[in-house]
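This report concerns only the one structure given below.
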Amino acid sequence: KEEISRLRREKFELAEAGIQNARLRKLLEFRDESSYPAVPANVIGASPSILRSQVIIVDKGTRDGVTEGMPVASFDGVVGRILLAGDRSSEVLLITDPVSAVDAYIHRTRARGIVKGTGTGCEMDYIEKKSEVISSGKDGFFPKGVVIGTVTSIGSKGSFINAEISPHVHLNSLEEVLIIQKPVNSLVLNE
């Protein structure tokens, strides 16, 4: 019985290591494609603050070259940006947070707009239906061409069209991310 129990535990540990290995390989491929250096980080928690429910905590900080405003991504796309950088850990403001905004464009048509967090997802103004949305690189935070999500539904807001965006990244199950060491512009006009 002890042998069976030990073998089951080892089988589980091997399966977990295999899953982690696959995620890390994808993360490394994404890092190699980036034109900026990137620091890999582990997600170690969510914000304990009731005021900031759309925040995760990562295990990298100023000791690792992380500064406030740096973009954070996973192999699936945009995660958010560094909100607060501590010595050994940092808070990441997720793209779904209501104060988050990313300058973006529709992949196919190149129509630009702003992707804003809604608390549960994202929305974008001035766009077309069923399009893939990627970062424009013009907001001073995210490099150009990082996937944000896909348009899931559209509506009208005055004389413009706005849309709900489903983020590509599964934000509730993140374990590892990349902090892109892109210099942050000192003047940002979209906030």
(message) Cβ contacts < 6 Å: first residue more than 11 Å from V55 (Cβ to Cβ), restricted to region 70-97; second residue among the acidic types (D, E), any location; separation 6+ or different chain. Result?
(response) A85/E68; S89/D59
(message) Criterion first (modelled with pLDDT under 90, open to solvent by less than 80 Å² (accessible area, probe 1.4 Å) and closer than 22 Å to N172 by Cα) does V72 satisfy it?
(response) no
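Out of R63, R81, R88, report the one residue that is on the phi < 0 side of the Ramachandran plot, part of a helix (DSSP H, G or I) and modelled with pLDDT of 85 or more.
Details: R81 fails: part of a helix (DSSP H, G or I); R88 fails: part of a helix (DSSP H, G or I).
One residue alone meets the criteria, R63.
The values are calculated or read from the model by the stated rules, or taken from the named source; none is laboratory data. These numbers were taken from a predicted model, which means no experiment stands behind them. For neighbour counting, all protein chains shown are included, and Cβ atoms are generated from backbone atoms with ideal geometry for every residue, glycine included. Ligands, DNA and RNA are stripped out before the accessible areas are found, and what is left, the full protein with its side chains, is counted by its heavy atoms. Shrake-Rupley method; radii C 1.70, N 1.55, O 1.52, S 1.80 Å.
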